[in-house]
Amino acid sequence: MQMQGLSLDQAPPYKIPMFYYILATFYLIAFCVCIFIYGTNTTNRYYYEAIAMTHILTLGFFAHVMLGSLFQMIPVIIGVAYRNVNIQAKVILAFLNIGTICFVTGFLYSNKILMHIASLCLILSIVYFALSSFFTILKTEDKNPSVKTFLSALIFLILGVIIGVISLINHGNGFSSKNFTDVHISFLFFGWLIMLISAVSYKVIPMFYVTKEYPLFLKNHFYWIVSLIIILLSIALISESPLIPILKTILATLTLIFSYTTIYLLKNRKRPRRDTTINLWYFAMINLSLASILWVVSIWFKLDIDFFIATIFGLGFAYSIINGMLYKIVPFLTWFHLSSMGIFDAEMSQVIKSKYMKMQYNVYLISYFIFLLALFIKPLIYLGALLFLISSLILSFNIINAFKYYKKLNKKTI
Amino acid sequence: MNTNNKSIILDVSDLEAPYPIMKALDAIQELKDGEILVFIHRMSPCKLFEAIERNNLKYTIIKDEENYFEMQIYK
């Protein structure tokens, strides 16, 4: 009897997440080009150029990788499939791209019409994606802590995007305040990003790195405590309450607990082999810890180090962890799809060559430290951008090559 | 399932994804009538259940705890 392997019934086609990933790397390249052009003039996070550059990274790179990954991961790890995933993913991708491009050009050229088009497209793509994912996940019978964390993250994504779009639409009318922007940031950075990474980590870290499970206490309580603090913080921010520093400190402490637990689990894993992905995870978690500590210090000692913390959080933590996840997900995805089609020649280690991953990681690492130095020695930003551009080109090359590897093996069997 | 059946132990708890499922798929391919595959892992293997059902095999979960999962797979 011919045995049957893994089922592809619930997974979307291979090309769907891959299109998201490949486009994401193009935005990284665009990000580097923008640093070359506008980098030295952006000394305040509210400058239009700074807003545009931040969103090339968050919408262009982070959101593309996250949405593309969730289309693939939710069916595989939660066991429920999206309805009409092929059409949904393509429509969302189209609107997300139009929205991102209009957002960035709208801010770079101070064009209100483009900003309004961006608002519409981003609401249509991201909020629609979040609602679709939310109701898809809700179908699972097993409401384990990972599922609850995913659901909480999606709620904050919807709220964060809506608040962002309200700010964008009313931009320049006196409505958008600094505090309102801070609510947008806390919803998306803590409610969405940290929450999503914790939900994914609960599944991915024990699965791929042979660690023990995350402690039940953390899995059961982290998501609702973080949610509660974010909601209290947003109320405090809008009402300019004196509780803001205390709530921010609690949030930073919770983040520190998560990052420390991840480092502890990775340090005590059963098979302590070093590869680029594990280095990226460690690096991300160290930066998350550092950003949390510096945030608390800056709050209580009233230090103006926002840019420094943002660089550590954005490029040191968020970028690094997404880069690390890409290097785990892409080979796994390629192997999973090929073996599900009965192609057993696929080797995960051959999908992206280890030497190219290492090369990209090393260049990224140097660029990151140069970016940090550039906060004190301005002209170094060009060197940082050049190195980050090289790193992004290698990342793009690696992802495109993975796609080619899949096509080559797939063609062999036709 | 007969208690006198021959047991084959497959402990994949030290392996990273996707090797546990690859080993399990290989093992169920080799499974003969009257044999029981005792599958030990550190977590519940969600994709393996689909493969078991698709191949008309049966399973019994023996233990599903934090960091330890054991089940028997048979024809």
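The values are calculated or read from the model by the stated rules, or taken from the named source; none is laboratory data. Bear in mind the structure is a predicted one, so any value in this text is a computation, not a measurement. Every residue, glycine as well, gets a Cβ built from its backbone with ideal geometry; the counts of neighbours run over all protein chains shown.
On the stretch given as segment A:296-315, residues that are closer than 20 Å to A:F369 by Cβ and aromatic (F, W, Y) total 3. Filtering segment B:27-43 to residues that are in a loop (DSSP other than H, G, I, E, B) and either modelled with pLDDT under 85 or among the hydrophobic types (A, V, I, L, M, F, W, C) (or both) leaves B:L31, B:M43. Inspection of segment A:63-77 finds no residue satisfying the criterion of being surrounded by fewer than 18 Cβ atoms within 10 Å (Cβ to Cβ) and under 19 Å from A:V165 (Cβ atoms).
Among the residues of segment A:228-247, those identified as over 24 Å from the mean Cα position of the chain (by Cα), farther than 18 Å from A:W295 by Cα and among the β-branched types (V, I, T) are A:I235, A:I238. All of A:L326, A:L315, A:L290 fail the test of being surrounded by fewer than 19 Cβ atoms within 10 Å (Cβ to Cβ) and modelled with pLDDT of 95 or more, apart from A:L290. Just one of the listed residues (A:Y356, A:Y382, A:Y368, A:Y405) is hydroxyl-bearing (S, T, Y), closer than 18 Å to A:F307 by Cα and over 21 Å from the mean Cα position of the chain (by Cα), and it is A:Y382.
Among the residues of this structure, A:F61 counts as one that is of a type in the set (F, W, Y) and within 28 Å of A:P206 (Cβ to Cβ). Hey, can you tell me all the residues within segment B:35-44 that are within 9 Å of chain A (Cβ to nearest Cβ) and either in contact with a Cys (Cβ under 6 Å, 6 or more places away or on another chain) or surrounded by fewer than 20 Cβ atoms within 10 Å (Cβ to Cβ) (or both)? Selection gives B:M43 alone.
Here is a yes/no grid of residues against (1) modelled with pLDDT of 90 or more; (2) under 22 Å from A:F332 (Cα atoms); (3) of a type outside the set (D, E):
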| position | (1), (2), (3) |
| --- | --- |
| B:I8 | yes, no, yes |
| B:D11 | yes, yes, no |
| B:P18 | no, yes, yes |
| B:L25 | no, yes, yes |
| B:E50 | no, yes, no |
| B:N55 | no, no, yes |
| B:T60 | yes, no, yes |
| B:F69 | yes, no, yes |
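One residue stands out in segment A:194-244 among those that are surrounded by 20 or more Cβ atoms within 10 Å (Cβ to Cβ) and of a type in the set (S, T, Y): the one that is farthest from the other protein chains (Cβ to nearest Cβ), namely A:S234.
From the list B:A51, B:A24, exactly one residue is among the hydrophobic types (A, V, I, L, M, F, W, C) and more than 9 Å from chain A (Cβ to nearest Cβ). Which is it? Of the residues listed, the single one that is among the hydrophobic types (A, V, I, L, M, F, W, C) and more than 9 Å from chain A (Cβ to nearest Cβ) is B:A24.
Within segment B:45-75, the residues that satisfy the criterion of being surrounded by fewer than 14 Cβ atoms within 10 Å (Cβ to Cβ) and part of a loop (DSSP other than H, G, I, E, B) are B:N56, B:E66, B:N67. Taking the conditions (1) of a type outside the set (F, W, Y); (2) more than 10 Å from chain A (Cβ to nearest Cβ); (3) within 11 Å of the chain's Cα centre (by Cα) in turn, B:K32 satisfies each one other than (3).
Residues in segment A:338-353 that are more than 12 Å from A:A402 (Cα to Cα) and either among the basic types (K, R) or away from chain B (no Cβ under 12 Å) (or both): A:M341, A:I343, A:D345. When B:M71 is tested against (1) under 9 Å from the mean Cα position of the chain (by Cα); (2) more than 27 Å from A:N220 (Cβ to Cβ), just one condition goes unmet, and that condition is (2).
For segment A:122-140, indicate whether the set of residues that are without any contact (Cβ under 8 Å) to a residue 12 or more places away in the chain and farther than 29 Å from A:S292 by Cα is non-empty. Checking segment A:122-140: at least one residue is without any contact (Cβ under 8 Å) to a residue 12 or more places away in the chain and farther than 29 Å from A:S292 by Cα.
Out of all the residues in segment A:189-200, which are closer than 16 Å to A:S292 by Cα and under 12 Å from the mean Cα position of the chain (by Cα)? Matches in segment A:189-200: A:F189, A:F190, A:L193, A:I194, A:M195, A:I197, A:S198.
For A:L280, are the conditions met, namely being farther than 19 Å from B:E16 by Cα and either aliphatic (A, V, I, L, M) or more than 14 Å from chain B (Cβ to nearest Cβ) (or both)?
Against the criterion (farther than 19 Å from B:E16 by Cα and either aliphatic (A, V, I, L, M) or more than 14 Å from chain B (Cβ to nearest Cβ) (or both)), A:L280 does not qualify.
Return yes or no: is A:D275 surrounded by fewer than 22 Cβ atoms within 10 Å (Cβ to Cβ), closer than 30 Å to A:K15 by Cα and among the charged types (D, E, K, R)? Against the criterion (surrounded by fewer than 22 Cβ atoms within 10 Å (Cβ to Cβ), closer than 30 Å to A:K15 by Cα and among the charged types (D, E, K, R)), A:D275 qualifies. Just one of the listed residues (A:A153, A:A118) is surrounded by 22 or more Cβ atoms within 10 Å (Cβ to Cβ), within 30 Å of A:L218 (Cα to Cα) and either at pLDDT 90 or above or among the charged types (D, E, K, R) (or both), and it is A:A153.
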